[in-house]
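Data block below; observations after.
The values are calculated or read from the model by the stated rules, or taken from the named source; none is laboratory data. Quantities reported herein were computed from a predicted structural model and do not represent experimental measurements. All Cβ positions, glycine included, derive from the backbone under ideal geometry; neighbour counts span all protein chains shown.
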Amino acid sequence: MKRMVQHKAVAAKDWEKHKARIRRWQFRLSMLAIVLALANGLLGIVIRSSSDGGPRPDRPTEPRHAPSSETAAAVTIVKAVLEEFHISSDRVRQREHVYFVSIPEEMRFIDFHFRLNEKLRDIDGQISRTIDNRKNNRYELTITVDDEQAAKFVFLRKAGLPATVGKLAIIVDDFGYGYNDVVNQFICFPVPLTLAILPGLKESRRIAQEAQLAGREILLHMPMEPLNEKFHDDGHYILASHDPGTIRLRIRQAFSLLPEASGLNNHQGSRVVIDRDIMTTVMEEIKRQNKIFIDSYTNPRSVALSVARSLNVPSAANQVFIDAKDDETFIENQLARLAHLAHKQGKVVGIAHVRKKTLEVFQRTLPELRVRGIELVYISEIL
């Protein structure tokens, strides 16, 4: 009986040892399966890497590029806005997926940034990321279209690039008839405007004095006989029937009324500006007075400018009547035209009038022209 008990105890002990060996083998087999699975995964990565030249991470490190058509649309808009700031497309250089642009050091980049974001909405785009690296004089913009990266631009500030691409002189005609808030705001306008004042009117002297105190340049807005327009000779007009002595006398009298004037431009005058003899007399007197002359260009057949230049009178001619229509859209378009001419020619002259709509357009548009490289100057500065 005792032996039987001992035998059962030995059997139980052997069975426990056997189960322990089974558990060890199960653990070893499990570890082997894990190792084989890892090895198989690594082998798959190696195979994929050899087929495409590199690993394929589960998530890309950079945003994927939008379709080429959307990239092209974004780049086109950027270039168009650069043109608005008078920066030509030849300053844009592409390296792989990045576009580098040289900009003037003085350029107000915040204005460009705002305008670009505004225009990108046309293609459901936006500036998704901005890096302002002022230490290295560069700005980086990432543009997305439909939430996908379309292009990256790097703007490099260059000290040698001119911020000013053209000069614009604006003459505002017809001061003198009255004095009101519109007149006062033109006199106090925050950018240079040359004021042309008619002689002998009720408010001519007051306006001339206030304009001089405000540091404005003044022109004598000399009345001259027109071809078809109505006019009333108040003793200041230069008429086609006048002899040289009368012409000289009237110019002298007008300058005596407005001694602050640096020169003369014609009010109306489409009849007399095509008469070379009359214009010769006018220019001789202007030269004697040591003044400048601006042809308002009321007649495309005017000989006034050519006569002035032949007598070495400092002179220029109006190129655009800014408010020929008393319409804000028309005025805005004319200013855009002047800015384009200033960019192409370097300097340009435009004429406007003392009108409320003209003032309102000037208030919101002229400061914008300044930040886009068009310098507003007095008329004498471009002669």
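Going through Thr365, Thr329 one at a time, which residue ends up being polar (S, T, N, Q) and over 17 Å from the mean Cα position of the chain (by Cα)? Among Thr365, Thr329, only Thr329 is polar (S, T, N, Q) and over 17 Å from the mean Cα position of the chain (by Cα).
Among the numbered conditions (1) within 22 Å of Gly269 (Cα to Cα); (2) part of a helix (DSSP H, G or I); (3) of a type in the set (Gly, Ala, Ser), the only one that Ala211 does not meet is (1).
Looking only at residues of segment 321-346 that are touching a Lys or Arg at 6+ places or on another chain (Cβ under 8 Å) and modelled with pLDDT under 95, we find that the one that is nearest to Leu383 (Cα to Cα) is Gly346. Can you find a residue that is at pLDDT below 95, of a type in the set (Phe, Trp, Tyr) and either assigned to a loop (DSSP other than H, G, I, E, B) or surrounded by 18 or more Cβ atoms within 10 Å (Cβ to Cβ) (or both) anywhere in segment 228-239? Yes, the conditions are met somewhere in segment 228-239. Give me the residue from segment 323-340 that is of a type outside the set (Gly, Ala, Ser) and in contact (Cβ under 8 Å) with a residue 24 or more places away in the chain and, out of that set, farthest from Val361 (Cα to Cα). It comes out as Leu338.
Provide a single number: the residues in segment 293-312 that are among the hydrophobic types (A, V, I, L, M, F, W, C) and surrounded by 22 or more Cβ atoms within 10 Å (Cβ to Cβ). Count: 5. For segment 173-230, a residue qualifies if it is in contact (Cβ under 8 Å) with a residue 60 or more places away in the chain, among the β-branched types (Val, Ile, Thr) and over 23 Å from Val273 (Cα atoms), and the qualifying residues are Val182, Val183, Val191.
Return a yes/no flag: does segment 83-106 have any residue that is surrounded by 17 or more Cβ atoms within 10 Å (Cβ to Cβ), more than 27 Å from Arg337 (Cβ to Cβ) and in contact with a Ser or Thr (Cβ under 9 Å, 6 or more places away or on another chain). The answer is no; no qualifying residue exists. Of the strands (runs of 3 or more DSSP E) lying entirely inside segment 251-322, those containing at least 2 residues that are closer than 19 Å to Ile351 by Cβ and without any contact (Cβ under 8 Å) to a residue 40 or more places away in the chain span 292-295.
Taken over segment 319-347, residues that are crowded, with 23+ Cβ neighbours inside 10 Å and farther than 17 Å from Glu368 by Cβ amount to 1. For segment 240-250, the tally of residues that are more than 15 Å from Met283 (Cα to Cα) and either β-branched (Val, Ile, Thr) or part of a strand (DSSP E or B) (or both) stands at 0. Assessment of segment 121-128 against the conditions (in a strand (DSSP E or B), in the same structural domain as Ala73 (by TED's automatic domain parsing) and hydrophobic (A, V, I, L, M, F, W, C)) yields at least one matching residue.
Would segment 54-69 turn up any residue that is touching a helix residue (DSSP H, G or I) at 6+ places or on another chain (Cβ under 7 Å), modelled with pLDDT of 85 or more and surrounded by 14 or more Cβ atoms within 10 Å (Cβ to Cβ)? There is no residue in segment 54-69 that is touching a helix residue (DSSP H, G or I) at 6+ places or on another chain (Cβ under 7 Å), modelled with pLDDT of 85 or more and surrounded by 14 or more Cβ atoms within 10 Å (Cβ to Cβ).
Residues in segment 348-375 that are modelled with pLDDT of 95 or more and outside any helix (DSSP H, G or I) were compared, and the one that is nearest to Met107 (Cα to Cα) is Val348. In this structure, does Val348 turn out to be farther than 29 Å from Val81 by Cα and β-branched (Val, Ile, Thr)? Against the criterion (farther than 29 Å from Val81 by Cα and β-branched (Val, Ile, Thr)), Val348 does not qualify.
Scanning segment 158-202 for residues that are in contact with a Phe, Trp or Tyr (Cβ under 8 Å, 6 or more places away or on another chain), in a loop (DSSP other than H, G, I, E, B) and of a type in the set (A, V, I, L, M) yields Leu193, Leu198, Leu201.
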